[in-house]
1. Using only the alpha-carbon atoms, what does the range 173-264 span along each of its principal axes? Please give whole angstrom values in decreasing order.
2. Please work out how much length the chain gains when fully extended from Glu135 to Glu198, using 0.36 nm per residue of separation minus the C-alpha to C-alpha distance, in nm with one decimal.
3. For the range 84-182, which chymotrypsin sites (Phe, Trp or Tyr not before Pro) are in a loop by DSSP, counting at most 15 other Cβ atoms within 10 Å?
4. How large is log10 of I(q)/I(0) for the range 105-264 at q = 0.17, 0.20 Å⁻¹ when the intensity is taken from the Debye formula with one equal scatterer per alpha-carbon?
5. At what distance in angstrom do the alpha carbon centres of the range 49-74 and the range 154-181 lie from each other?
6. Using 0.36 nm per residue of separation minus the Cα-Cα distance, give me the extension gain between Glu110 and Tyr163 in nm, one decimal.
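No lab work stands behind these numbers, since they all come straight from the coordinates. Because the structure is predicted, anything quoted here is derived from the model rather than measured. So basically every Cβ, Gly included, is an ideal-geometry build from the backbone, and we count neighbours across all protein chains shown.
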Amino acid sequence: MRIRHFLKNRKTTLSVFSILFAAIFAVVSTCILCVKSDENNKTMGVGTSSIRSLPIYSVETKEKKVAISFDCAWGVEHTEQLLSAMEKNDVRCTFFAVQFWVEKYPEYVEKIMDAGHEMGTHSRTHSYMSKQTEEQIRDELTTSSAAIERLTGKKVTLFRPPYGDYDNLLIDTCNSMNIYPIQWDVDSLDWKNLSATEIAMRVINGVKNGSIILCHNNGLHTAEALPLIFSTLKNRGYEFVPISELIYKNNYTIDVNGRQFLRS
């Protein structure tokens with residue numbers, strides 16, 4: 001009787017363990033599949049769907065090209081020095097301007113364009129756009145782009161969200177309006193009033209092929225940092241181009257890091 005009881009308990013225990021193992025295996029397998037599916041779906045491009053819509057942070061390219069950009073929202077005290085540094089180093093860049101900045105400093109919009117640079121919008125009100133409705137987003141993009149286009153005569157196709165703040169609605173709305181939402185993968189942190197050397201080293205050590213560099217037109221030491229940035233990176237074989245000449249316009253995907261890839 002004891003042997004039968006032992007065998008019976010043993011069979012019951014084995015059955016329980018078998019059921020538990022099968023359940024654990026099923027849960028783990030499902031989790032793995034979910035992770036893989038999530039990673040695969042967190043990409044986007046023209047004509048594709050995704051769980052998370054992403055702006056362009058950088059571009060995958062074999063060419064040693066990078067883009068430097070300047071957000072314009074407050075003042076122009078250092079803008080002449082920026083333009084002078086770029087002229088001396090034969091660099092073309094991208095300025096992202098808020099509508100009220102454009103309207104307050106139209107002469108600087110003209111100077112920027114006359115120097116061969118390009119302009120994108122940085123919104124109408126410089127607000128957190130992830131908190132806005134689609135109608136409000138469209139108004140911000142439409143009116144701010146129109147303000148720039150009236151002065152430049154060129155269509156605006158680039159947008160940088162204020163504070164780097166975005167959500168799916170913002171990115172999807174931009175794409176539906178044929179406006180490319182642009183972030184960055186190298187942050188100069190010039191708005192923190194770092195020294196010129198600190199700003200330059202952050203940029204120099206951070207860039208790679210296809211990088212987009214974030215600066216501000218009113219950074220206290222940004223203009224001082226530019227000569228070192230330009231000379232060092234040019235000596236390493238990098239070319240500076242406006243963002244519109246760096247990014248892919250069609251047939252692309254964006255990975256989970258916001259890096260844009262051309263479809264093969």
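1. Projected onto its principal axes, the Cα set of the range 173-264 covers 40, 29, 22 Å.
2. 18.6 nm
3. Tyr128
4. Reported log10 I(q)/I(0), two decimals: -1.20, -1.49.
5. Cα centroid of the range 49-74 versus Cα centroid of the range 154-181: 12 Å apart.
6. 16.5 nm
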